[in-house]
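Visitor: Below: one structure in structure tokens.
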Amino acid sequence: MEVNHILALLATGLGVGFASGLLGIGGCFIMIPVQYWVYCAMGVDPGIAIKLAFGTNLFVVLPTALSGSLGHHRKGAVWWKAAFVLGICGLIGAIIGATVASHVPGKVLVVVFGAVILFGGVRMLTAKAPKIAEEPQDSILVWTLWGFPLGVVTGFIGIGGGVLMVPVMTLFLRFKMHQAVGTSTAMMILTSIGGLIGYIVNGWNVPGIPSPHLGYVHIWSWLALAATSVGMAQVGARVAHLLPGKQLKMIFIIVMFYMGLKMIGVFSWLHLPI
């Protein structure tokens, strides 16, 4: 791994940590494209590179989510009962999703990744906001029914899941925006563990992965990303509580649209340098 690769990963970690704390997402839309470029530049097969990016991404999400959830907890924005139930179900689903993804062609994973993000952005932009009088749903059954499929999807496309969890929490479970972001960050602790297990186990004996690694997790990349992202998650969490809920929601939607289009390749087709 060359110096420019390490510097790119360190800088990426700063952006990832801030996005995680600010928006309740794992920052995968920053990490995955950068890692994919780094691994391909190192000579890794593109089909392996995308899965390696997914697995390493989930390992970075774990400490970043721990840091971000602590910041939101201090602000009273984490509903721990919901986070635990959604997270346990998501963990189980993420193991299954990661296992399925390990047998799917890399190009398919990239397109599915972008499409899921775009769908979430469109749904959040067009849906009517819950009425102020409505209280968040407090139902273990409802949380279970949502948590498992969310986990499967997040494991399949190698993300912590915040970009999907926040829209579900605000639109269907009636969480207020700040509470959704905080609870989503806490839930990601468990979903990232599930996906991480799946990518480590299924990538254990795969040839062509640069050392040192644990399955589809590249250790040096993880260290570079995690070293800068964990502290910045605290900063992002503080900034999130300085912004109105409506403004926070619009930032979230913009990030979803940009990253979804980026992963599908729309900007490349249009020859736009963004």
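The values are calculated or read from the model by the stated rules, or taken from the named source; none is laboratory data. All values reported here derive from a predicted model rather than from experimental measurement. Because the Cβ atoms are built from the backbone with ideal geometry, glycine has one as well, and the counts that use them run over all protein chains shown. Protein only, heavy atoms only, side chains kept; ligands, DNA and RNA dropped before computing areas. Shrake-Rupley method; radii C 1.70, N 1.55, O 1.52, S 1.80 Å.
Visitor: Using only alpha carbon pairs under 8 Å that are at least six residues apart, calculate the relative contact order of the chain and give it in whole percent. Mind showing how you got there, number by number?
Guide: Details: 545 pairs, mean separation 99.3, N = 274.
Result for the chain is 36 percent.
Visitor: Taking the Cα centre of the chain as origin and charging only Cβ (+1 Lys, Arg; -1 Asp, Glu), how large is the dipole, in debye to the nearest 20? Intermediate results must be reported in sequence, preceding the final value.
Guide: Working: 14 positive and 5 negative charges, 141 e Å.
That gives a dipole near 680 debye.
Visitor: Show me the ranking of peptides 193-202, 94-103, 6-15 by mean Cβ neighbours inside 10 Å, starting with the highest. Intermediate values should be presented prior to the final figure.
Guide: Details: 193-202: 24.4, 94-103: 21.8, 6-15: 18.8.
Peptide ranking by packing, descending: 193-202, 94-103, 6-15.
Visitor: Just one of [x] 18.0; [y] 19.0; [z] 20.0 is Kirkwood radius over Cα pairs in Å calculated from these coordinates, so which is it?
Guide: Comparing each candidate, only [x] matches the computed number.
Visitor: Only Lys, Arg, Asp and Glu count, each charged at its Cβ (+1, +1, -1, -1), so figure out the dipole size of segment 55-204 about its Cα centre, rounded to 20 debye. Please list the in-between numbers first.
Guide: Numbers: 9 positive and 3 negative charges, 58 e Å.
In debye, rounded to 20, segment 55-204 gives about 280.
Visitor: What shape does segment 139-247 take by its C-alpha gyration tensor, where a ≥ b ≥ c are the square roots of the eigenvalues and a/c under 1.5 counts as rounded, a/b above b/c as prolate, and the rest as oblate? Can you show the working numbers first?
Guide: Details: a/c = 3.42, a/b = 1.48, b/c = 2.31.
Since a/c reaches 1.5 but b/c is at least a/b, the shape of segment 139-247 is classed as oblate.
Visitor: Order these peptides, 58-64, 106-112, by their mean beta-carbon neighbour count within 10 angstrom, highest first.
Guide: Numbers: 58-64: 29.0, 106-112: 16.3.
Highest mean packing first, the order is 58-64, 106-112.
Visitor: What is the calculated FRET efficiency for Val100 to Val239, with r their C-beta to C-beta distance and R₀ = 25 Å, to the nearest 0.05? Walk me through the intermediate numbers first.
Guide: On the way: r = 36 Å, r/R0 = 1.45.
After rounding, the FRET efficiency stands at 0.10.
Visitor: Using a ≥ b ≥ c from the Cα gyration tensor of segment 5-120 (square roots of the eigenvalues), is it rounded, prolate or oblate, where a/c under 1.5 gives rounded and otherwise the larger of a/b and b/c decides, a/b for prolate?
Guide: Working: a/c = 2.27, a/b = 1.39, b/c = 1.63.
It comes out oblate by the Cα gyration axes.
Visitor: Can you tell me the relative contact order of segment 46-200? Whole percent, Cα pairs under 8 Å, sequence separation 6 or more. Show your work: numbers first, answer last.
Guide: Numbers: 265 pairs, mean separation 73.1, N = 155.
In percent, rounded to a whole number, it is 47.
Visitor: Skip the ligands, DNA and RNA, and give the accessible area per residue of the chain with a 1.4 Å probe, whole Å². Intermediate values should be presented prior to the final figure.
Guide: Values: 11440 Å² over 274 residues.
Value for the chain: 42 Å² per residue.
Visitor: For the chain, with the dipole built from +1 on Lys and Arg beta-carbon atoms and -1 on Asp and Glu ones, taken about the Cα centre, which of Gln137, Leu164, Phe148 lies farthest toward the positive end?
Guide: Looking along the dipole axis, the top candidate is Gln137.
Visitor: Over segment 1-110, what is the mean sequence separation of C-alpha contacts under 8 Å (at least six apart), divided by residue count, expressed as relative contact order in percent? It would help to have the intermediate numbers written out before the result.
Guide: Working: 70 pairs, mean separation 27.9, N = 110.
Rounded, it is 25 percent for segment 1-110.
Visitor: Which peptide among 205-216, 178-189 comes first, and what is the full order, when sorted by highest mean count of other Cβ atoms within 10 Å?
Guide: Those peptides, ordered most packed to least, come out 178-189, 205-216.
Visitor: Further question: Using a 1.4 angstrom probe on heavy atoms only, work out the carbon and sulfur share of the accessible area of segment 55-115 in %. Display every interim value, and only then the final one.
Guide: On the way: 1840 of 2390 Å².
Answer for segment 55-115 is 77 percent, counting heavy atoms of protein chains only.
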